[in-house]
Amino acid sequence: MKCEICQSADAEKAIRKEVGGKEQELYVCSRCAREGYPAITTKKVLKKKTAATTGAEVLPELVGMMIDAAIEIMNHPSPSEESVCRHCGITRSEYRKTSRLGCAMCYVAFAKELDGVVADMHRHTQHVGKQPRRGGGDDVAL
Amino acid sequence: MTWPSNTKPRRLSVRRIPGDDIAMGCRVRLARNLSRHVFPDRATGPQRAVVLKKIMGAAQAEMPEFTLSSLDTFSEEERLLVFEERLISKELMERESGAGIMVSKDNAVSAMINEEDHLRIQGFAACMDIETAWRRADAFDTQLDGRLEYAWSPRWGYLTACPSNLGTGMRVSVMFHLIGLRMTGDLDATIRGLERMRLLVRGIYGEGSESSGNMFQVSNMDTLGMDENAIITRTKRICEELVRQERNARARVISESPLAVEDALTRALCLLKNALLMPSGEAGELLSAIRFGASVGLITDMTVEEVDRLMMRIQPAHLQNEMAMTLSSEQRDEFRAVLLTAQLAKANLRKVRR
């Protein structure tokens, strides 16, 4: 099942969280479990509101929901917005989960992110040393 | 193309190139991938089979003297056996399909196909002779390079499934027996120091494995931005210092705690000579002490090389191979105990001068 908070990643664990003054069990992805978004309270409360809810009650929750939505967009891009390698089909979140890329072209697809990762990892960003006699046919963009 | 279905590595026991009492041997590993092919983890079974066929075909043409095997033809026990020989990693052993190995006649060069990367070439050499290990791996790589198109970019070098192997794709590893530093209590600080100098410290079966019998694999962390010779020189310099530290620790523990040393060796010898059931973890720890005793002359009539061979023989798949039958866990512990009792019967303890 999908995470009950971000609705995008797969749920991996159950957490207990107070929602609208009542403790509930939510099935969430590891990231949402770790980061504990304030969105839980407002979103769940809004879902539970009935048509009788007054405007004064709803307004602060609407503001909260907008902030939550912004946080979610920043932290959990939807699948349609997520970077995908066109050659092997791996998504950024799949790569992040395993730290393994799907093919050589992923270095082009995720170039922006990998720039920083590689620099942190190796403290260098330029290869020196042995070179193949041929090769690099699909990697000229790098 | 078909490859011989019944080809298995020639000698399936005791293949290690001898090392010394502290640096037990070294390896240079090169990670390579084929251009325009999905990396093994992401690939489907048929995609991995295509890569296997390509690499096997190139190797057969270039290096007919190598034994080529598809692990798909191996039983579970046979896979475990080559894993215990450290010819393949745990990851390759567990690959459901498309995994392959190539081994040279003298067992000094091997290659894994469809592990984390399409090709992982391994050159082995004695002690800390990293240059020889590199020459062996490099020659193999260069030969295949003429027939395969590697994934490569001018900026990031050889492109690998995990960015931690980018660049040279080279991991230099030296296997150490660090019982002296363990006994003086300096081991943890030493490992932290190595990590600060950007060396990785792992167990004997590599990534993800725990240390056993005070044995550790030390390897370079950085693979990008330094050429192969610079990586070798840097890694070797630090490893030589580690050998000095371990040698000093051994001398110190013998001079400062002779009774404790004698007690440890006596206990190890008694248990190994008399136990009726001997689990592999315990055997590894006890043989580690015996290895130390043999190296400093406190255990007589037993050489370090003999202890190393025993360490290989007492592993589960090796025991089963020797007995030519599948054994239960208790049967393995029993046979291990019998084997150790027989092999250590001749070993004696020389009293530590106090």
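Throughout, read-outs are computed from the coordinates displayed, never taken from laboratory work. Remember, it's a predicted structure, so these values are computed and weren't measured experimentally. Backbone-built Cβ (ideal geometry, glycine too); neighbour counts: all protein chains shown.
With a Förster radius of 25 Å applied to the beta-carbon distance between B:ASP20 and B:MET197, the computed FRET efficiency rounds to 0.65. Mean partner shielding of peptide A:99-111, defined as the number of other chain Cβ atoms within 10 Å of each residue Cβ, is 6.
Each residue of segment B:235-247 is assigned a 3J(HN,Hα), and the resulting list reads 4, 5, 4, 5, 5, 5, 5, 4, 4, 4, 4, 5, 5 Hz, derived from the Karplus form 6.51 cos²θ - 1.76 cosθ + 1.60 (θ = phi - 60°), x at Gly and Pro. Between A:ASP120 and B:GLU131, the distance separating the two model label sites (each 7 Å from Cα on the Cα→Cβ line) works out to 3.9 nm. Exposure proxy ranking for B:LEU81, B:LEU200, based on other Cβ atoms within 10 angstrom of each Cβ and starting from the fewest, stands as B:LEU200, B:LEU81. Approximating the spin labels as points 7 Å out from Cα along Cα→Cβ, the A:GLU82-to-B:ASP106 distance works out to 5.0 nm. Legend: mean number of C-beta atoms from other chains within 10 angstrom of residue C-beta atoms, peptide B:228-234, equals 1. Its DSSP H runs of at least 4 residues, each contributing -39,500 (n - 2.57), put the calculated 222 nm mean residue ellipticity of chain B at -14500 deg cm²/dmol, to the nearest 500. Residues considered: B:ASP333, B:ASP222, B:ASP41. Largest GNM mean-square fluctuation over chain B, using C-alpha springs under 10 Å, is found at B:ASP41.
Multiplying each eigenvalue of the alpha-carbon gyration tensor of segment B:45-171 by 5 and taking the square root yields semi-axes of 21, 18, 15 Å, largest first, rounded to whole angstroms. Of the residues B:GLU241, B:GLU285, B:GLU131, the one that moves most in a GNM of chain B with alpha-carbon contacts below 10 Å is B:GLU241.
Placing unit charges on the Cβ atoms of the charged side chains and taking the dipole of chain B about its Cα centre, the candidate lying farthest along the positive direction among B:SER89, B:ALA347, B:MET325 is B:ALA347. The residues B:ILE254, A:ILE5, when put in order of fewest to most other Cβ atoms within 10 Å, stand as B:ILE254, A:ILE5. Close amide-amide hydrogen proximity is noted between A:SER8 and A:CYS3, each under 5 Å apart and 5 or more residues distant or on a separate chain (H modeled in the peptide plane; Pro and chain starts excluded). Annotation: the residues B:ILE113, B:ILE191, sorted from fewest to most other C-beta atoms within 10 Å of their own C-beta, follow the order B:ILE191, B:ILE113. The packing ranking of peptides B:121-129, B:292-300, highest mean first, is B:121-129, B:292-300, where packing means the average number of other beta carbon atoms within 10 angstrom of each residue. Taking the charge dipole of chain B about its Cα centre, with +1 at Lys and Arg Cβ atoms and -1 at Asp and Glu Cβ atoms, the residue from B:LEU272, B:THR142, B:MET226 reaching farthest to the positive side is B:MET226. About its Cα centre, the dipole of segment A:84-125 is roughly 100 debye, where the only charges are +1 on Lys and Arg Cβ and -1 on Asp and Glu Cβ. Angle, helix B:304-313 long axis vs. longest principal axis of chain B, Cα atoms, 0 to 90°, nearest 10? Once rounded, one gets 60 degrees. Note on segment B:104-153: Cα-Cα pairs beyond 12 Å make up 66% of the total pair count.
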